[in-house]
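The structure appears below as C-alpha cells.
Taken together, the values in this text are just the output of simple stated rules run on the coordinates, not laboratory data. This structure is a prediction, so every number in the text was calculated from the model and none was measured. Quick reminder, even Gly has a Cβ in these numbers, built from the backbone with ideal geometry, and neighbours come from all protein chains shown.
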C-alpha cells in the first residue's frame, strides 16, 4: 500500500493552523536563505517542474527553492510529455511518481491538475492553472504580513479581472479572517463555484463595479494584467472594458495612508498600473516577487516528507 500524501492544489483545502505553519516556516527560512545558511533538510530529493505556460518567477523560484533545500529539480514542458494528448494524465502521474519526490505543475486546465494529483503517489503542487494561483496568494499574504502585520482584519482589494488570482484570494478569505473586495467590470466576475464555496465558508467578500468605492480605505490594493496567456484575442476589448480599473495615484489617494500595492507580475506598465504606482513608495511588488521563492520553499518542505 502506498503511503498517504497531501497535495497543495487550492488554499481552502487546508485549515488556518496548517497554512499559518507554512507561512511561519517561510518567515523562518527567509533570512537563512538570504545568508546562504539554510540547512539542507531535503537532500537528494527531486522536484519535477511541469510547464504548459512559461514563467520567470514560477520556474526560477521553484528551482532555486528546491536546490536551497538540498535537492534537485527538473524542467519539463508539455511538448515533451504530451499529457492528455500523447499520454494519459493517469500514466504521466504514475510514471513521474516513480522518478521524483514531488511534482509542481503550471498548467491550463485545473481538472487535469486534479487528475494528476489523484493518480500521483507523490505530492502535487499547483503552480498555476486558469482557475487558481494558490502559491502566488500565499506569497502575497506573507508580503502583506511583513509590511502591515497580520492580515487579520485588513481590507484587501483587487482591482481588475475576476481571474485565477481573484479565485485564490476568495479561497484565502474562506480561511483567513480578512475582508476581500474585487472591483471588476460587469461580466468579469470570479468563477461561480468559487464564489459559492466562499459564501458557504463564511468568507467576508464583496464584488463591486466601482473601483473608487472599492479602494476607499483599503490596506492592500492588488493589480494584475487585464488579459493573460490564452486571452490575446480578447486584449483589445479587455483594454477598453478595464480602462477605468487602472491603478493610478489619483485612484489610490482614497486608500488607507499606509496602504501597500501588490502586483503578481509581469506588469503591462501603463495598462493596469502606472509607472508612478508600481515604482512608487507604496509598492512592494519586488518583495512580493522574492517571497514567491520563500513561500514555495516552505510549501515544498511541508509537503515533501
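Points to keep in mind about this one:
- Here the range 106-169 is described by how far its Cα atoms reach on the three principal axes: 40, 26, 16 Å, from widest to narrowest.
- Remark: spin-label model distance residue 13-residue 46 equals 2.3 nm, labels positioned 7 Å along the Cα→Cβ axis.
- Cut-off 19 Å, label 7 Å out along Cα→Cβ of residue 286, residues of the range 233-261 by amide N: 260-261
- The C-alpha atoms of the chain define a longest principal axis, and helix 16-34 lies at about 80 degrees to it.
- Inter-label distance, nm, simple model (7 Å from Cα along the C-beta direction), residue 34/residue 204: 3.0
- Using alpha-carbon coordinates, inclination of helix 285-303 to the longest axis of the chain, degrees: 30
- Burial order of peptide ranges 162-171, 5-14 (average beta-carbon count within 10 Å, highest first): 162-171, 5-14
- Gyration tensor (Cα) of the chain, equivalent ellipsoid semi-axes in angstrom: 31, 22, 18
- Rotationally averaged projected area of the range 134-289 (alpha carbon convex hull; nm²): 8.2
- Averaging Cα coordinates gives a centre for the range 175-203 and one for the range 144-158; these two points are 17 Å apart.
- By the helix-only formula, in which each DSSP H run with n ≥ 4 contributes -39500 (n - 2.57) and the sum is divided by residues, the chain has a 222 nm mean residue ellipticity of -12500 deg cm²/dmol.
- Distance between the modelled labels on residue 64 and residue 88, one decimal in nanometres: 4.0 nm (7 Å Cα→Cβ projection).
- Crossing angle, helix 134-148 versus the chain [Cα axis fit, 0-90 degrees, rounded to tens]: 50
- Length gained on full extension, residue 249 to residue 276, computed as 0.36 nm times the residue gap minus the Cα-Cα distance: 9.0 nm.
- The chain: relative contact order in percent, alpha carbon pairs under 8 Å with at least 6 residues between: 20
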